[in-house]
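Each remark here refers to the structure printed beneath this line.
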Amino acid sequence: MKKLAGYFTGILVGSSGLVFSSTAQTIDPDVLAVSAGVQHTFDSNFLRSPENAEEQITRAGAGVRFNKQISAQKIALSINGSHYSYAERDELDGSALEGKASWRSQFTSNFSTQLDFQREEAPVDKLEFIGKDLVAREEANARLSLGDTKRFGLIVGVHQLDNTHSNEERASLDFQDQDFFSEIRYRFASSWIGLRYREGDRTYELPSPILGDLDFDYRQVELETEWTLTPKTKLTGLVGYFDRAAKFEGANGNDGEGSLASLNLEWAITDKLVSDLTYRLNQPAIGETSVAPSEVNDLSLLFKWQFSPKVQVGFGGSYAELDYEASAAVIERVERNIAVTPLLISWTYSEALLLRLSTQWVDRQSPIYLRDYEGYSATLGLGFHF
């Protein structure tokens, strides 16, 4: 982080989780904990192509997590390091650093501030880039809230996102996004609704080799809600409208307006069976990926069954439709991605040990031969918490 990161001086970078984020559920509110984990994945179509190419990836990681409340100050810090090892393609071996940090100050019952930082880093999917590349996303927020316990509340803040690639060939996809936001929030019972306005800009590290300068300014309006419909049903969602304006006259692509949405419905069908239905609409800016769709619609459904106090079983699937508009770098088309998770098992042997198995089958349908493929994967992992 370059500019906004200055607001976070003295805050340790933290982690979004180890090999299994669920190990964090056993952490007490005020504790220092150490975690470690290893997971092994078999991928039947690692290269995401019609000609299947198998690969086995081992990810080993370790980290530390700390939570502390001092009077009205709540501090949460964690950091995690991981190493990826490939059985057939050791030139792709690499290490990643991830983390989280949060500092919340409650000055009065109706006045609070919060600082958040999160870093995620992972290898790029081979459908996007065939070589070695780890993508890091660093996101920071600083906000001030007035009226925390009142019917009406006001939130103002700043946000910054840095997106970087480890491979120099992909430097034109590195960007920094900064914005200011303000929100009016209305609370009632156990639900709330907020109207938010954002204004910011995005700057790319280098011009696109094909499209040129993609920098743009933007304005965005969002309506977000969290609604408890019944004791067993909760709806969360966000819908928004944005307007982008290219910074350079005659620049390609990032001029125009569009919509975004994210809706999630959680329903406890029984005391042991829970469903999670999610829909997302996104119209990403050009330059976020090497072959960016103009619109993505994604629908997913997941069921989680608490088979026993220590064993949880899950299954579900998703369907995504990706629209690509014709440009100098893109062929106009529609791609469809079907993913099925036939089995997901988490076994909490004890507070210190977790075992997890996940499986997935994917079918991507594209009029472009090299992007039309199917494959399956299975991941077995072991997580420790001390």
- Among Gln106, Gln360, Gln220, which one moves the most in a GNM of the chain with springs linking Cα atoms closer than 10 Å? Gln106
- In sequence order, what are the phi-derived ³J(HN,Hα) couplings for segment 171-178 according to the Karplus relation 6.51 cos²θ - 1.76 cosθ + 1.60 with θ = phi - 60°, rounded to whole Hz, with x for glycine and proline? 4, 5, 9, 6, 8, 10, 10, 10
- Percent accessible area from carbon and sulfur atoms, the chain, protein chains only, probe 1.4 Å: 58
- Query: Taking square-rooted eigenvalues a ≥ b ≥ c of the alpha carbon gyration tensor, is the chain rounded, prolate or oblate, where a/c under 1.5 means rounded and, failing that, a/b exceeding b/c means prolate?
  - Reply: rounded
- Query: Any idea how far apart Phe152 and Gln306 come out in nm if each label point goes 7 Å out from Cα toward Cβ?
  - Reply: 4.1
- Task: Would you mind checking which residues have amide H under 5 Å from Leu206's amide H? H placed 1.01 Å from N; only 5 or more apart, or other chain.
- Result: Asp174
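Take the Cα atoms of segment 242-386, build their convex hull, and give its volume per residue in Å³.
Cα-based convex hull of segment 242-386, divided per residue, equals 154 Å³.
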- Item | Inter-probe distance in nm under a simple model that places probes 7 Å from Cα toward Cβ, at Val291 and Asn110 | 5.6
- Note on the structure: Taking a crude spin-label model, label points 7 Å out from Cα along the C-beta direction, the Tyr319 to Trp192 distance in nm is 3.5
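So with the 1.4 Å probe, I'd like the accessible area per residue for segment 334-374, rounded to whole Å².
58
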- Note on the structure: Computed about the Cα centre, the charge dipole of the chain from +1 Lys/Arg and -1 Asp/Glu charges at the Cβ has a magnitude in debye, to the nearest 20, of 1960
- Task: Read phi for every residue in segment 370-377 and hand back ³J(HN,Hα) as whole Hz from Karplus 6.51 cos²θ - 1.76 cosθ + 1.60, θ = phi - 60°, with x for Gly and Pro.
- Result: 5, 10, 9, 7, 9, x, 9, 9
- Under the Karplus relation 6.51 cos²θ - 1.76 cosθ + 1.60, θ = phi - 60°, what is the ordered set of whole-Hz ³J(HN,Hα) values for segment 255-262, x standing for Gly and Pro? 10, x, 10, x, 10, 8, 7, 8
- Query: In the chain, which longest range has no GluC sites (Glu not before Pro) that are both DSSP loop (not H, G, I, E or B) and surrounded by at most 16 other Cβ atoms within 10 Å?
  - Reply: 129-204
- Message: What does the charge count around Ile79 come to, taking other residues whose C-beta lies under 10 Å from its C-beta (Lys +1, Arg +1, Asp -1, Glu -1)?
- Response: +2
- Task: Let me have the relative contact order for segment 186-334, percent, based on Cα pairs under 8 Å that are six or more residues apart.
- Result: 15
- Query: So which trypsin sites (Lys or Arg not before Pro) in segment 115-166 are both in a DSSP loop and have at most 10 other Cβ atoms within 10 Å of their Cβ?
  - Reply: Arg151
- Query: Which of the pairs Lys234/Lys272; Lys232/Lys310; Lys126/Lys234; Lys100/Lys132; Lys126/Lys310; Lys100/Lys150 have their Cα atoms more than 27 Å apart in this structure?
  - Reply: Lys126/Lys234; Lys126/Lys310; Lys100/Lys150
- Query: For Ile269 and Ser350, FRET efficiency with R0 = 30 Å and r from the beta-carbon atoms, rounded to 0.05?
  - Reply: 0.55
- Task: For Leu277 and Val34, calculate 0.36 nm times their separation in residues minus their Cα-Cα distance, and state this gained length in nm to one decimal.
- Result: 84.2 nm
- Query: Taking the chain as a Gaussian network, where each spring joins two C-alpha atoms under 10 Å apart, which residue of Ala101, Ala140, Ala72 fluctuates the most?
  - Reply: Ala72
- Item | Distance-filtered residues of segment 167-183 - backbone nitrogen under 17 Å, label point 7 angstrom along Glu91 Cα→Cβ | 167-170
- Reach of Lys247 by Cα under 29 Å, taken over lysines that are not fewer than 8 positions away in the same chain: Lys2, Lys3
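The values are calculated or read from the model by the stated rules, or taken from the named source; none is laboratory data. This one's a predicted model, so the numbers in the text were calculated from it and none came from an experiment. Reconstructed Cβ throughout: ideal geometry from the backbone, glycine too, with neighbour counts over all protein chains shown. Areas reflect the complete protein model, heavy atoms only, side chains present, ligands, DNA and RNA absent. Shrake-Rupley method; radii C 1.70, N 1.55, O 1.52, S 1.80 Å.
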